[in-house]
Amino acid sequence: MSPVLGADLSFASNPSPLIEGWQDKQKGDVMAAALKAAGVDSLRFLFGGLYSPRGPEATAEVKRENKLDIGYAWFPVDDYVEFIATHDFTTVVGVNVEEGPVVASSVIKRFLDRGLRDKLVAVELSNEPWLNPRPWLPEDYAARAADIIEGLTPLGVPFALPLTVGSEKKTPTRLSDNEWNERMLKTISERVKLGSRSDIYGVLHLYSRGVSSEAIDAFNKQVSRSAPGMRYLITEFNIRSSLQGNPHLTNKYALEFGRKVADVMRRREVVGLYTHSVPSHSIVYWANGRRFATVVGGRDDKLSGDAMSRGWHTTPTGRVYGLYSRLAWRGELLMYKAGGEQSYWAVRTPEGRQIVTLLNAGGSSVKKRIDIAGKKVELRAPSHSIVCFDSNGSELEKLILE
């Protein structure tokens, strides 16, 4: 199957419509519908050194440890468990390795006790530990991560192990990303045989030019010695390193987003992609009906009228995500081609029908005659569009991004 499309959740903000949605069923139902409309099938709930399920005092301690000072209204983790239990989403749950296997196990058992094992995509072992200002030496982090893997393996849940690549020495430890990653994997492998564990995913975070098929090759090379054949969860990605100016509110950005995401989705090593980060930027935003919206800067002149009405709103990027999740990438990949300003691919849905998609980023309409399983199919797409067809070349749905 094609990778699942998900969203990384940024709850640590004021106001936080995410926390409100987890604690108020009516608001939660509206939020869930908005996320579904934007193509989201899975959610990433990350402690990230900002949250402890043990309570407000433990949360303050964790934030001090991680040298983070971000305020929000603390909430019980059970609020999120209930949201997942009552809505059609799977989830990645990112625990703090510094809190140890007992705390991690207590969180995961909350899901298991509700019969939600099939909704747990993975237990993610902290967030970008090589950048943690404490700082984490790779051997120290690896020992704590191995404690959790060993402690939670009897529960039968998958794990997600953060990975990094790069030759620059910009980490707090003054190690290159490559060296940090290599030492971390080596240390874990002494206790956990990564090469023989299909229940341990690698976690990738891709930004800017890194949202590409070539990035997957770089990670494959990096992990091949310790974990050959490892599959990946991309639990954060965005096609810009910064979203100042809110480009995700434009069609131009959405079309580029569609091209880059497709280039990564074609890789069979990738199990899921989680766009970063709801509700701060990307696929949806929330507005208070007056002047505030959960976009970068809290407001944007591109938003006015109905776009500022109280509630959730889908961005152009979210419309691309929705089309991909609902139709264009719903199934097993049969073929993929890209070149110039066009990309096209075909999938076989779980029901057995073939869906062919043509993405045209150019300023003129295009016509393609392609071969799908020995059958010639003619596709047409206007400028700046993504169009889905059936196996006979009949148009199913069209998204214009002029």
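When restricted to residues that are under 24 Å from Val4 (Cβ atoms) and open to solvent by 10 Å² or more (accessible area, probe 1.4 Å), the stretch 38-54 contains 3.
For the stretch 119-143, which residues satisfy the criterion of being of a type in the set (Asp, Glu), in a helix (DSSP H, G or I) and touching a residue at least 24 places away in the same chain (Cβ under 8 Å)? Don't jump to the end; show me each part of the working.
Looking only at the stretch 119-143, we keep the residues that are of a type in the set (Asp, Glu), and these are 124, 128, 139-140.
Now restrict to residues that are in a helix (DSSP H, G or I): 139-140.
Residue satisfying the conditions is Glu139 alone.
Residue-by-condition table, conditions (1) open to solvent by less than 30 Å² (accessible area, probe 1.4 Å); (2) more than 24 Å from Pro129 (Cβ to Cβ); (3) in a helix (DSSP H, G or I); (4) touching a residue at least 60 places away in the same chain (Cβ under 8 Å):
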{"position": "Met1", "(1), (2), (3), (4)": "no, yes, no, yes"}
{"position": "Pro15", "(1), (2), (3), (4)": "no, yes, no, yes"}
{"position": "Ala32", "(1), (2), (3), (4)": "yes, yes, yes, no"}
{"position": "Lys36", "(1), (2), (3), (4)": "no, yes, yes, no"}
{"position": "Ala58", "(1), (2), (3), (4)": "yes, no, yes, no"}
{"position": "Gly71", "(1), (2), (3), (4)": "no, no, no, no"}
{"position": "Asp78", "(1), (2), (3), (4)": "no, yes, yes, no"}
{"position": "Gly100", "(1), (2), (3), (4)": "yes, no, yes, no"}
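Being under 25 Å from Glu190 (Cα atoms), β-branched (Val, Ile, Thr), more than 23 Å from the chain's Cα centre (by Cα) and open to solvent by less than 40 Å² (accessible area, probe 1.4 Å) is a description that applies to Thr173. Taking the condition assigned to a strand (DSSP E or B), open to solvent by less than 50 Å² (accessible area, probe 1.4 Å), in contact with a Pro (Cβ under 9 Å, 6 or more places away or on another chain) and modelled with pLDDT of 95 or more, does Trp345 pass? So Trp345 does not fit the description; no. Applying the criterion of being assigned to a loop (DSSP other than H, G, I, E, B) and farther than 14 Å from Ala142 by Cα to the residues of the stretch 180-202, the residue that is least open to solvent (accessible area, probe 1.4 Å) is Asp199. I need the full set of residues from the stretch 165-192 which are at pLDDT 95 or above, of a type in the set (D, E, K, R) and closer than 25 Å to Arg267 by Cβ, in order please. Across the stretch 165-192, the qualifying residues are Asp177, Glu182.
The values are calculated or read from the model by the stated rules, or taken from the named source; none is laboratory data. The structure displayed is predicted, hence computed values, not measured ones. As a convention, Cβ positions derive from the backbone with ideal geometry for all residues, glycine included, and neighbour counts pool all protein chains shown. The area values use the complete protein model at the heavy-atom level, side chains included, leaving out ligands, DNA and RNA. Shrake-Rupley method; radii C 1.70, N 1.55, O 1.52, S 1.80 Å.
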